[in-house]
Amino acid sequence: MDNSSNARNGIGLALSGGGSRAIAFHYGVLEALHDFEIDKKIKVVSAISGGAVIAALWTVHSDDWDLFTKNIELVLDKGLEGTIFKKLKHPLVLLQQLFHLGIDSGLLAEALDELVLNGKKLKELPENPTLILNATDLRTGSNFKFSKSVCGSHKDGGSDLCDMRLSDAVACSAAYPLCFKAKKIRMDNGKDVFLTDGGSYDCLGANALMPDKDEGISILIQNCETIITSDASAPFLEDRKYLGRSIGDALYSSYLTCAKRTRSLIYNKMYHLKEIGEIPYLGTIKMDSKHPDVTASWSKADLEFVNGYKTNFKPVTGKAATYLKKRGKESAEIIVKKYLPHLVTNKQL
């Protein structure tokens, strides 16, 4: 089984989680990369949660930009929560979810198939670009990766799950643990993995692109010359309002605190690898960036609106869709021109 990737000295793109907010922001980033004609040079895309939704659609339609935009705008306009809740209205389905104390991620997969993915399987993905969808294995506390060729982690090795629906892999990556129960999957070694939201391990989706992997242990090792991260992960506001005393609010706040800390560690690691030359070129596109170049044209009120947009899979329309996409596109244009000029022509600069 092939554990390597053809993404050598190419571009790796990481798309963070963040529900529908992330989908809208990444849409703007991808549009900027498309305008620069960089999207055709991307060899591997690694994503989690909301990022996994748009990454799967972009990979499936990587040769047809118009079809991709049609489908992603449908996802933003319709949302995924509505389809899930419609299924929960069926008494039998609702009783099953209550009995298991959590929503089955299969309902999210079904919503994705009904809306845009149409039952496509992992083995039907194109060879290029390579798609890596990231989840978290709760049994081993490791980063679990789905791809066309191999699925697994450095703890249990790789398994052939190519007959799995693409929507199931996306759903595992997006199965927020405070809503969805963990998905159990039997591996080739006979062991079970219990998968939850990829953001529990890495909210950026960047870990899979890191060049510091042990070839004797890791799977799907990448060695990208350029890494671009698009980050619309949870709005880590400095001072949360209306903080209650309930167990649910405490769990939610604890999850955000851990995610914020993990995000910081991942950025520190990437910047260190860039400094020592392990990542030759690095462009980090952040929705909540305070960089003067990417905030100059935005009012304080508009930045607060964008950065404070909640994480869910509800429809994103009107002002929210316009502002989130605009934030992603403008940020990407500025970061690419400033830090990744080797990817664009002098005319584009």
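With respect to Lys181, determine if the residue is in contact with a Gly (Cβ under 6 Å, 6 or more places away or on another chain), in contact (Cβ under 8 Å) with a residue 24 or more places away in the chain and surrounded by fewer than 22 Cβ atoms within 10 Å (Cβ to Cβ). In short, yes.
Scanning segment 102-136 for residues that are closer than 21 Å to Gly18 by Cα, outside any helix (DSSP H, G or I) and not small (Gly, Ala, Ser) returns Ile103, Asp104, Leu131, Ile132, Leu133, Asn134, Thr136. If you go through segment 196-208 and keep only what is outside any strand (DSSP E or B), buried (at least 24 other Cβ atoms within 10 Å of the Cβ) and not small (Gly, Ala, Ser), you end up with Asp202, Cys203, Leu204.
For segment 236-259, the count of residues that are surrounded by 12 or more Cβ atoms within 10 Å (Cβ to Cβ), at pLDDT 95 or above and under 15 Å from Gly17 (Cα atoms) is zero. Of the set (1) closer than 30 Å to Gly283 by Cβ; (2) assigned to a loop (DSSP other than H, G, I, E, B); (3) open to solvent by 10 Å² or more (accessible area, probe 1.4 Å), all apply to Arg139 but (1). Within segment 291-320, the set of residues being open to solvent by less than 50 Å² (accessible area, probe 1.4 Å) and more than 30 Å from Phe180 (Cβ to Cβ) comprises Val294, Thr295, Trp298, Asp302, Leu303. In segment 37-67, how many residues are crowded, with 20+ Cβ neighbours inside 10 Å, of a type outside the set (Val, Ile, Thr) and not in a strand (DSSP E or B)? Selection size over segment 37-67: 9. Just one of the numbered conditions (1) in a helix (DSSP H, G or I); (2) crowded, with 18+ Cβ neighbours inside 10 Å; (3) modelled with pLDDT under 95 is not true of Leu76: (3). The criterion of at least 1 residues that are in contact with a strand residue (DSSP E or B) (Cβ under 8 Å, 6 or more places away or on another chain) and without any contact (Cβ under 8 Å) to a residue 40 or more places away in the chain is met by the following helices (runs of 4 or more DSSP H) wholly inside segment 247-341: 247-275. Residue count for segment 158-178, restricted to those that are open to solvent by 60 Å² or more (accessible area, probe 1.4 Å) and either over 18 Å from Val53 (Cα atoms) or in a helix (DSSP H, G or I) (or both): 3.
The values are calculated or read from the model by the stated rules, or taken from the named source; none is laboratory data. Bear in mind that the values here come from a model prediction, so they are computed numbers and not experimental data. Cβ coordinates were reconstructed from backbone atoms using ideal geometry, including for glycine residues, and neighbour counts include every protein chain displayed. Just so you know, the surface numbers come from the protein's heavy atoms only, side chains and all, with ligands and any DNA or RNA stripped out. Shrake-Rupley method; radii C 1.70, N 1.55, O 1.52, S 1.80 Å.
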